[in-house]
């Protein structure tokens, strides 16, 4: 699976949009971009995933560049409960390749 | 409905002892995964089950680690002759399906914090 690069930490003011970048310059055509987050003392929580097109769900939006070498997770109106470590993961999704390879993620702190 | 549950939530043991960690996946989920997470690091894959069989055990660090899922539901991670370096949070996840395109969302439990003295 392709390697990802994320900033180690970011701050965002409560109520503002949090934009978390991820570089995956070696991504292959059949690799998806996944985002998980981990709130302190909890297991990771799935947020969103995508292949080429931008995606949106009730939690966040995922913007993938046209060349697919980078992406941005957007939390539109950050709250204090969004303080967590956010992991960007790139992986092939097919039978027999099921593991998630986590990096060290971005520690996002929401400031009141 | 109930999520993934793991017991115990905390386990303290002495070096050289044997421990078992239990995972109850979400009902009906056929795929089950074990990860471990050291302080300050992201989770690291250990083993993946599809039904009762281990489909990928490439992440198990050595033969002291073993996992079973005899009836395709509950799984137990077993660690023999524990070492201080085994101290970590052990996470379990389950998924409703295996493979497919973009559908393999893994749902994680809260983890078991293992401390080896």
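A compact table of results
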read-out: Qualifying residue in the range A:13-33 (condition: touching a helix residue (DSSP H, G or I) at 6+ places or on another chain (Cβ under 8 Å) and farther than 22 Å from residue B:94 by Cα); value: yes
read-out: Selected residue (only one of B:22, B:81, B:36, B:69 is in contact with a helix residue (DSSP H, G or I) (Cβ under 9 Å, 6 or more places away or on another chain) and in contact (Cβ under 8 Å) with a residue 24 or more places away in the chain); value: B:36
read-out: Unique residue being under 30 Å from residue A:8 (Cβ atoms) and surrounded by fewer than 18 Cβ atoms within 10 Å (Cβ to Cβ) when the list is B:43, B:96, B:61, B:8; value: B:61
read-out: Residue in the range B:5-24 that is farther than 20 Å from residue B:116 by Cα and assigned to a loop (DSSP other than H, G, I, E, B) present; value: no
read-out: Top-ranked residue in the range A:29-51 [being surrounded by fewer than 12 Cβ atoms within 10 Å (Cβ to Cβ) and farther than 30 Å from residue B:7 by Cβ; ranked as farthest from the other protein chains (Cβ to nearest Cβ)]; value: A:29
read-out: Within the range B:59-117, strands (runs of 3 or more DSSP E) holding 1 or more residues that are modelled with pLDDT of 95 or more and within 12 Å of chain A (Cβ to nearest Cβ); value: B:88-95, B:112-116
read-out: Residue match in the range B:31-51 (condition: more than 14 Å from chain A (Cβ to nearest Cβ) and more than 22 Å from residue A:91 (Cα to Cα)); value: no
read-out: Some residue of the range A:12-29 being closer than 20 Å to residue B:44 by Cα, modelled with pLDDT under 95 and over 14 Å from the mean Cα position of the chain (by Cα); value: no
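The values are calculated or read from the model by the stated rules, or taken from the named source; none is laboratory data. Quantities reported herein were computed from a predicted structural model and do not represent experimental measurements. Ideal geometry is used to build each Cβ from the backbone, glycine not excepted, and the neighbour counts take in all protein chains shown.
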